[in-house]
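Some notes on the structure that comes next.
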Amino acid sequence: MNVYKLSVKTQGYYLIEKDSYEQRTARRPPWYKVSDNGEPRYFAICPACNNPVQLIGLYKLPANLHHPYGKHYGKSIPGVGLYDQNAYEWCPYSNKKQNNNDGKPKRSQSMLSQQILSLLVMHFDKVIWLLSHSTGVNIDEALAKSMLLQYRREEGWLYSRATLMNIPWVFAYMTDNQGILFKKMRDVKLADELVARSPEYLEQTAQHYLVKSKNCQSYIELGVYYTKHQSEVVDDRLHESMDMVFTRKVGYAAVEEIYRKSVLFDFNYFNNLVNFSDWKSSPKNEQLLQLAQEVLGDLIR
Ligand SMILES: [Zn+2]
């Protein structure tokens, strides 16, 4: 991996780079340690799964390497962090990563799943803001509430591929099919595309709300769900994405897929938002935070 953090309690992480690592650790234990045979070792925490990692090539790059990287250590390190085998096996940075991309496998309750849940509740306003931008569909309070309720029913925080880095996207991923008719579209091109694929049923208003076409006499539903969550590490950089699928239901007919796009997870964006000290609160944001607390708060231990 090309990123690290130093506290299991926080979400924020940094690029692996010698000078800033030295500054943040002051070259002191528990981060700097000497092995039994006198080799210096440098430790940190995996920002995805909270397991201890060792930084390789920080001072001397092994042959064939162009930059230092972090690798899971496989054991607890006093003062750094506890080892969690299950979290490691499902970590997108792990070499042992499970390849089965079907279904939504779950882990049992753990420190990691609890942390994911509490970060989601604590930053729910930012999660909704980011998802609205990332997917192109504006999430209003009613939609946010419906998503929270479904996430609770699906126990989304226990999804095995949930990490501390992908919280917003996995939240959406674990909310099944949600109705988006009469929602405002942030991505106007996406709105055009959906209307073009359903001209007899859909139109958009001047403010880019997707509504039922005036000429349409039938009952219609326009929905969205997410599938095919996948991850890949290339040159130590993590790439993660999922498919966003738009569905249409007309009267009693079966649901049809009308459009599909890929949503890339912008980890940095979320990292910056969570750690952005100038984030302004607003009545709308306060309401979102309260809503998350109401629906999920009792699950946080
Ligand atoms: Zn990890």
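The values are calculated or read from the model by the stated rules, or taken from the named source; none is laboratory data. These numbers come from a predicted model, not from an experiment. Methodologically, a virtual Cβ is constructed for each residue, glycine included, from the backbone with ideal geometry; neighbour enumeration extends over all protein chains shown.
Taking segment 186-219 as the range and being buried (at least 18 other Cβ atoms within 10 Å of the Cβ) and among the hydrophobic types (A, V, I, L, M, F, W, C) as the test, the residues that pass are L190, A191, L194, L202, L210.
Give V224, V245 a once-over and let me know the one that is β-branched (V, I, T), within 18 Å of the chain's Cα centre (by Cα) and closer than 21 Å to K126 by Cβ. I'd like the intermediate steps shown before the answer.
Details: V245 fails: closer than 21 Å to K126 by Cβ.
One residue alone meets the criteria, V224.
Taken over segment 3-22, the residue count meeting the criterion of being surrounded by 17 or more Cβ atoms within 10 Å (Cβ to Cβ) and within 16 Å of the ligand (Cβ to nearest atom) is 8.
Does at least one position in segment 23-43 carry a residue that is away from the ligand (no atom under 16 Å from the Cβ), more than 14 Å from K75 (Cβ to Cβ), of a type in the set (S, T, N, Q) and at pLDDT 95 or above? Give the steps one after another, and end with the answer.
Of all residues in segment 23-43, those away from the ligand (no atom under 16 Å from the Cβ) come to 23-42.
From what's left, more than 14 Å from K75 (Cβ to Cβ): 23-29, 31-32, 34, 37-40, 42.
Checking the rest, the ones that are also of a type in the set (S, T, N, Q) come to 23, 25, 37.
Next cut, at pLDDT 95 or above only: 23, 25.
Scanning segment 23-43 turns up at least one residue that is away from the ligand (no atom under 16 Å from the Cβ), more than 14 Å from K75 (Cβ to Cβ), of a type in the set (S, T, N, Q) and at pLDDT 95 or above.
Determine, yes or no, whether S132 is within 13 Å of the ligand (Cβ to nearest atom) and either part of a loop (DSSP other than H, G, I, E, B) or under 18 Å from E286 (Cβ atoms) (or both). Before the answer, list the steps.
Numbers: within 13 Å of the ligand (Cβ to nearest atom): no; either part of a loop (DSSP other than H, G, I, E, B) or under 18 Å from E286 (Cβ atoms) (or both): yes.
So S132 fails the test.
When K60, K96 are screened for being exposed (fewer than 13 other Cβ atoms within 10 Å of the Cβ), within 11 Å of the ligand (Cβ to nearest atom) and either in a loop (DSSP other than H, G, I, E, B) or of a type in the set (A, V, I, L, M, F, W, C) (or both), only K96 passes.
Listed by first and then second residue, the pairs linking a residue in segment 33-46 that is surrounded by 10 or more Cβ atoms within 10 Å (Cβ to Cβ) to a residue that is part of a loop (DSSP other than H, G, I, E, B) and at pLDDT below 90, with Cβ atoms under 7 Å apart and 6 or more places separating them unless they lie on different chains, are R41/S35.
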